[in-house]
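Peer 1: Just passing along the structure, written as structure tokens.
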Amino acid sequence: MPVKQFRLPDPGEGLTEAEIVTWRVAKGDTVKVNDIVVEVETAKSLVELPVPFAGTVTELLVNEGETVEVGTPIISVETAAGAPTTVEDAPDQGAIEPGIEGSPAPKVDPTVTRATEVESIEEGKIGGTTSTGRTAVLVGYGVKQTEAKRRPRKAAATDEGEPARMRTRSAHHHEDHHPHHNPDEFVPAPTAAVGDRTERAPRSAEPVTGRTPGAARVLAKPPVRKLAKDLGVDLEEVAASVEDGIITRSAVEAYAAGAPTNGAAAASAERPADGRLEERIPVKGVRKMTAQAMVQSAFTAPHVTEWVTVDVTRTMDLVENLKRDKEFRDVKVTALLVLAKALCLAIARNPGMNAAWDEAAQEIVVKRYVNLGIAAATPRGLIVPNVKDAHAMTMRQLADAIGTLTATAREGRTQPADMSGGTITITNVGVFGVDSGTPIINPGESAIVCFGAIRKQPWVVTNGAGEDELAIRHVTQLAVSFDHRLIDGELGSRFLADLAAILEDPARGLVWG
């Protein structure tokens with residue numbers, strides 16, 4: 001029977017490589033057309049790949065954790081003669097063994113909306129071809145897929161009381177709370193210091209042969225596996241020190257810090273005999289893209305940052321009132337939501353803040369729409385998804401949109417289209433108890449607003465008799481970094497003052513809106 005090789009497809013967006021994160025199948029498994037076989041991480045998102053033909057897996061050609069270029073064979077499948085396939089076989093591309101056929105690496109356009117993609121009988125399948133001639137290959141890209149049934153997986157209880165399926169994506173949630181601040185899920189990525197861990201041994205260059213039948217495998221969610229990988233922790237060693245065998249984020253962190261995970265001997269996490277105190281972590285995926293973008297922005301746009309300290313007591317009162325409002329009963333209401341709405345109103349009064357510098361044309365592009373970016377720290381690194389047309393949304397619609405971005409980012413399913421086209425960004429450092437900062441502007445934008453921690457502190461207020469007195473108020477700091485090529489000090493200052501005025505008295509939004 002013929003053996004076909006599935007090659008890493010082109011995800012578009014100018015990306016040329018991807019990291020193999022998790023194999024969903026092993027050697028000997030039977031797969032059907034469009035079954036999800038692997039998760040890969042590009043420089044912009046985590047993507048599931050469906051296999052374009054049916055048969056039996058004969059070999060996994062790439063190890064988990066390896067980065068491969070588009071077009072590289074990653075899995076071999078033995079198919080029945082005349083078996084259906086959704087992708088036409090590609091001509092020989094070089095080092096392919098005689099008698100082994102290959103699948104092409106089709107180009108996928110992630111910018112086409114799903115509404116225009118239901119065009120042919122095969123539209124519902126990954127690998128189907130639309131009337132425009134495009135081929136759908138990646139989940140979340142291109143044409144809509146039908147449900148692909150997966151092999152049953154053994155479930156086990158997790159520390160969150162939810163079933164965990166081995167090698168499926170289910171983000172482990174961890175929320176940090178500040179005593180005087182109602183945090184939101186979207187926060188800037190913290191810098192983590194890692195010490196007392198050894199360098200990891202390089203992966204074998206030999207092809208993956210699949211899991212040994214019947215062999216026990218440690219139970220951990222993909223974000224936990226990613227954390228262990230970044231910290232250089234062997235999950236099998238951690239599994240030996242937890243009671244139920246289910247590895248959580250806290251167990252990995254405790255092991256990395258050299259502490260017992262569940263009453264196990266501390267010796268299990270002792271420093272290796274070679275005494276190495278440093279670890280080298282490859283820069284790739286989302287972190288690599290973030291680093292490149294930040295360097296480009298920092299050394300291209302002349303940054304200016306301004307700060308203002310604001311009494312946001314009335315904003316916090318509004319937040320509490322909205323939480324009790326039946327219209328907002330099923331959405332999360334935070335001070336970040338009020339800031340997002342206030343920013344849209346401040347931009348309407350200062351449209352020059354919502355602009356971009358066109359170097360090629362030597363023009364300033366003022367945008368009459370607001371695609372509001374929210375900096376989000378995820379297990380895979382910092383990303384900045386944006387709410388499209390935030391300026392046209394009501395407060396409730398904005399709350400729904402931010403909630404959707406939150407859920408998507410937590411699951412690691414944010415798509416490139418959700419991270420492109422932003423016009424201005426908010427980064428929330430207050431969730432870490434940080435007062436303020438000088439954020440770097442997101443590439444392609446001209447300004448970024450930094451939202452600090454909200455704290456109770458003494459504040460001078462004017463009483464009903466017109467006299468000044470001290471009172472305990474909710475106070476925060478706002479900062480805005482802007483591109484001084486197109487935003488001068490006057491415009492930046494007026495924008496920040498308007499933003500502060502709305503947070504100080506949200507009723508101004510009724511007048512200015």
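Peer 1: If you take just the strands (runs of 3 or more DSSP E) that sit entirely in the stretch 440-513, which of them hold at least 1 residues that are farther than 21 Å from Ala293 by Cα and in contact with a helix residue (DSSP H, G or I) (Cβ under 6 Å, 6 or more places away or on another chain)?
Peer 2: Once the strands (runs of 3 or more DSSP E) in the stretch 440-513 are filtered for at least 1 residues that are farther than 21 Å from Ala293 by Cα and in contact with a helix residue (DSSP H, G or I) (Cβ under 6 Å, 6 or more places away or on another chain), what remains is 447-451, 468-483.
Peer 1: Further, regarding this structure: Whether any residue in the stretch 478-495 is surrounded by fewer than 18 Cβ atoms within 10 Å (Cβ to Cβ), among the basic types (Lys, Arg) and on the phi < 0 side of the Ramachandran plot is what I want to check.
Peer 2: yes
Peer 1: So in the stretch 23-37, with the set limited to residues that are of a type in the set (A, V, I, L, M, F, W, C) and out of contact with any Ser or Thr (no Cβ under 7 Å at 6 or more places or on another chain), which one is surrounded by the most Cβ atoms within 10 Å (Cβ to Cβ)?
Peer 2: Val31
Peer 1: Considering only residues that are of a type in the set (S, T, N, Q) and under 17 Å from the mean Cα position of the chain (by Cα), which ones fall in the stretch 402-458?
Peer 2: Thr404, Thr406, Thr408, Thr414, Gln415, Ser420, Thr425, Thr427, Asn428, Asn442
Peer 1: Also, I was wondering about something else. Would you call Thr423 in the same structural domain as Trp307 (by TED's automatic domain parsing) and surrounded by fewer than 21 Cβ atoms within 10 Å (Cβ to Cβ)?
Peer 2: no
Peer 1: Could you tell me which residue of the stretch 435-454 is farthest from Ala375 (Cα to Cα), considering only residues that are modelled with pLDDT of 95 or more and aliphatic (A, V, I, L, M)?
Peer 2: Among those that are modelled with pLDDT of 95 or more and aliphatic (A, V, I, L, M), it is Ile454.
Peer 1: If you check Ala340 against the conditions, is it touching an Asp or Glu at 6+ places or on another chain (Cβ under 8 Å), of a type in the set (A, V, I, L, M) and buried (at least 23 other Cβ atoms within 10 Å of the Cβ)?
Peer 2: It is false that Ala340 is touching an Asp or Glu at 6+ places or on another chain (Cβ under 8 Å), of a type in the set (A, V, I, L, M) and buried (at least 23 other Cβ atoms within 10 Å of the Cβ).
Peer 1: Is there a residue in the stretch 362-374 that is in a helix (DSSP H, G or I) and either modelled with pLDDT of 95 or more or on the phi > 0 side of the Ramachandran plot (or both)?
Peer 2: Within the stretch 362-374, not a single residue is in a helix (DSSP H, G or I) and either modelled with pLDDT of 95 or more or on the phi > 0 side of the Ramachandran plot (or both).
Peer 1: Give the residues of the stretch 299-342 that are closer than 30 Å to Phe482 by Cβ, touching a helix residue (DSSP H, G or I) at 6+ places or on another chain (Cβ under 7 Å), not in a loop (DSSP other than H, G, I, E, B) and not aliphatic (A, V, I, L, M), sorted by residue number.
Peer 2: Those that are closer than 30 Å to Phe482 by Cβ, touching a helix residue (DSSP H, G or I) at 6+ places or on another chain (Cβ under 7 Å), not in a loop (DSSP other than H, G, I, E, B) and not aliphatic (A, V, I, L, M): Glu306, Asp311, Arg314, Thr315, Lys341.
Peer 1: Can you tell me how many residues within the stretch 14-30 are β-branched (Val, Ile, Thr) and under 19 Å from the mean Cα position of the chain (by Cα)?
Peer 2: 3
Peer 1: In the stretch 416-439, which residue that is in a loop (DSSP other than H, G, I, E, B) and not hydroxyl-bearing (Ser, Thr, Tyr) is nearest to His391 (Cα to Cα)?
Peer 2: The residue in question is Gly422.
Peer 1: Suppose we filter the stretch 46-81 for residues that are more than 25 Å from the chain's Cα centre (by Cα) and of a type in the set (Val, Ile, Thr); how many remain?
Peer 2: 7
Peer 1: Just one of the numbered conditions (1) outside any loop (DSSP other than H, G, I, E, B); (2) closer than 22 Å to Ala479 by Cα; (3) among the hydroxyl-bearing types (Ser, Thr, Tyr) is not true of Thr406; which one?
Peer 2: Answer for Thr406: the failing condition is (2).
Peer 1: Then there is this: From the list Ala346, Ala392, exactly one residue is among the hydrophobic types (A, V, I, L, M, F, W, C) and touching an Asp or Glu at 6+ places or on another chain (Cβ under 7 Å). Which is it?
Peer 2: Going through Ala346, Ala392 in turn, just one is among the hydrophobic types (A, V, I, L, M, F, W, C) and touching an Asp or Glu at 6+ places or on another chain (Cβ under 7 Å): Ala346.
Peer 1: Which members of the stretch 31-67 meet the condition of being part of a strand (DSSP E or B) and free of Cβ contacts under 8 Å to residues at least 40 places away in the same chain?
Peer 2: Across the stretch 31-67, the qualifying residues are Val37, Val38, Val40, Thr56.
Peer 1: When you go through Ala453, Ala447, Ala471 one by one, which is the residue that is without any contact (Cβ under 8 Å) to a residue 40 or more places away in the chain and either under 19 Å from Val338 (Cα atoms) or among the hydrophobic types (A, V, I, L, M, F, W, C) (or both)?
Peer 2: Ala471
Peer 1: Mind listing just one residue for me: the one in the stretch 280-329 that is charged (D, E, K, R) and in contact (Cβ under 8 Å) with a residue 12 or more places away in the chain and, of those, farthest from Met353 (Cα to Cα)?
Peer 2: Step by step, filter the stretch 280-329, then rank; the result is Arg280.
The values are calculated or read from the model by the stated rules, or taken from the named source; none is laboratory data. This structure is a prediction, so every number in the text was calculated from the model and none was measured. Cβ atoms come from the backbone with ideal geometry, glycine included; neighbour counts cover every protein chain shown.
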